[in-house]
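Enquirer: Here you go, one structure.
The values are calculated or read from the model by the stated rules, or taken from the named source; none is laboratory data. Keep in mind that what you see is a predicted model, and the values were worked out from it rather than measured. Note: ideal-geometry Cβ built from the backbone for every residue, glycine included; neighbour counts use all protein chains shown. Side chains included, ligands, DNA and RNA excluded: accessible areas come from the protein's heavy atoms. Shrake-Rupley method; radii C 1.70, N 1.55, O 1.52, S 1.80 Å.
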Amino acid sequence: MPASAEVEKALPRFVDLVNNDQATQDQLNLTTDLETLRRIVQSVDASLTGSALIPLEQATRAPKILVDSGVMDQEIPWRLLRCTGGPLVLQLICSKANFAIWIESC
């Protein structure tokens, strides 16, 4: 079950906060494992509870429903996409790994 539209606002807010924080972007670019990613994400916004490492093919595949996209100052491409019948997902293509972040709901 997807999170409410109000709760999902945490994902674009995360993008805005990280885009204005060079140190966090540097950390994301150096991250290679899920546990480190979770610590970084939680330090920015504790409501973002879902995360996964994803292959580059998945991170660059044309999405069915693209909500927004861009590139952060440290050359981190990002995109928000809606999974059909599912949650809003943030994908990040970082230097050492690619990530998906979402809000888990009950």
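Enquirer: For Ala23, state whether it is under 20 Å from Pro87 (Cα atoms) and out of contact with any Gly (no Cβ under 8 Å at 6 or more places or on another chain).
Expert: no
Enquirer: Being assigned to a loop (DSSP other than H, G, I, E, B) and basic (Lys, Arg) is the filter; apply it to segment 61-91 and report the residue that is surrounded by the most Cβ atoms within 10 Å (Cβ to Cβ).
Expert: Residue satisfying both the conditions and the ranking: Arg61.
Enquirer: Do we find a residue being polar (S, T, N, Q) and closer than 27 Å to Thr84 by Cα anywhere in segment 27-45?
Expert: yes
Enquirer: Please work out which residue is most open to solvent (accessible area, probe 1.4 Å), limiting yourself to segment 1-35 and to residues that are among the small types (Gly, Ala, Ser) and within 17 Å of Val89 (Cα to Cα).
Expert: Ala5
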